[in-house]
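As structure tokens, the structure follows; a few thoughts come after it.
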Amino acid sequence: MPLHGKTKQEVVYAFRNAEIMQAARKVFAENGFSQASVAAIAREAGLAKGTLYLYYRSKSEIYWASLRSGLVELGREIRERVEAADTLEAKIRAFMETKISYFERNHEFFRLYYAESSNVVRHPAYSHEHFEDLYLEQLEVLKSVLRDALQAGAIRRVSVDAAAFAILDLTRGAILHRLLGWSKTSTQEDVACLFDLMWKGLGAQ
């Protein structure tokens, strides 16, 4: 009997895959890419090593899948938080805060990505294009907010595309600084600083 349009097998597969992704992020974060093993990920997920290979063919494939699943989760959180906010200022703050806080909660895993993405983690099948759809989804959330604000006269007339890219890049820069340990301030302080810089440029004249 299908559950919400899915068969029992599909539900079980999705549940186990989510467990594998969670286990993989933990193992990679604690051990780094080189020292992490498929066996350790399987143990953390409560699966036999052979069972895990039914889902993924290699450690590299598990790594990239776990990275993508994390970014998908982040995108969902961003949409929910932005949609729940009731003002332009609150929506932009929600975008920045949700994104920075998510990377903070998963600090060691994403720090691994920045540290090793040009080394042993890199794989020819995975590039910026592999994650482009997720990047564009986040960008579209910002563009939608800015279009509504522009139409309502809440901000001055600016290029929505350019403004959305700027907000995204400012936020990404703050995340990178925090991952590298360069930022000594709290998430709230970083968000307040970024928002102040951005709002002075967008504010209605």
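The values are calculated or read from the model by the stated rules, or taken from the named source; none is laboratory data. Computed from a predicted model, the values in this text were never measured in an experiment. Cβ sites come from the backbone with ideal geometry, for glycine too, and all protein chains shown count toward neighbours.
Within the stretch 3-18, does at least one residue satisfy the condition of being at pLDDT 90 or above and among the acidic types (Asp, Glu)? Scanning the stretch 3-18, I find no residue that is at pLDDT 90 or above and among the acidic types (Asp, Glu), so the answer is no. Across the stretch 31-49, what is the number of residues that are acidic (Asp, Glu) and at pLDDT below 90? Count: 0. Of all residues in the stretch 169-197, those that are hydrophobic (A, V, I, L, M, F, W, C) and out of contact with any helix residue (DSSP H, G or I) (no Cβ under 6 Å at 6 or more places or on another chain) total 6. The residues of the stretch 174-188 that are surrounded by fewer than 16 Cβ atoms within 10 Å (Cβ to Cβ), assigned to a helix (DSSP H, G or I) and either aromatic (Phe, Trp, Tyr) or under 14 Å from the mean Cα position of the chain (by Cα) (or both) amount to a single one, 176.
Results for (1) not in a loop (DSSP other than H, G, I, E, B); (2) not charged (D, E, K, R), shown as yes or no for each residue.
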{"site": "10", "(1), (2)": "yes, no"}
{"site": "14", "(1), (2)": "yes, yes"}
{"site": "17", "(1), (2)": "yes, yes"}
{"site": "22", "(1), (2)": "yes, yes"}
{"site": "39", "(1), (2)": "yes, yes"}
{"site": "43", "(1), (2)": "yes, no"}
{"site": "54", "(1), (2)": "no, yes"}
{"site": "63", "(1), (2)": "yes, yes"}
{"site": "66", "(1), (2)": "yes, yes"}
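Residue by residue through the stretch 146-173, note down the ones that are polar (S, T, N, Q), part of a helix (DSSP H, G or I) and either without any contact (Cβ under 8 Å) to a residue 24 or more places away in the chain or farther than 14 Å from residue 97 by Cα (or both). 151 - this is the single residue of the stretch 146-173 that is polar (S, T, N, Q), part of a helix (DSSP H, G or I) and either without any contact (Cβ under 8 Å) to a residue 24 or more places away in the chain or farther than 14 Å from residue 97 by Cα (or both).
Conditions (1) among the small types (Gly, Ala, Ser); (2) surrounded by 18 or more Cβ atoms within 10 Å (Cβ to Cβ), marked per residue:
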{"position": "19", "(1), (2)": "no, no"}
{"position": "23", "(1), (2)": "yes, yes"}
{"position": "36", "(1), (2)": "yes, yes"}
{"position": "60", "(1), (2)": "yes, no"}
{"position": "73", "(1), (2)": "no, no"}
{"position": "78", "(1), (2)": "no, yes"}
{"position": "94", "(1), (2)": "yes, yes"}
{"position": "102", "(1), (2)": "no, yes"}
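Within the stretch 55-78, being among the basic types (Lys, Arg) and more than 12 Å from the chain's Cα centre (by Cα) holds for 57, 59.
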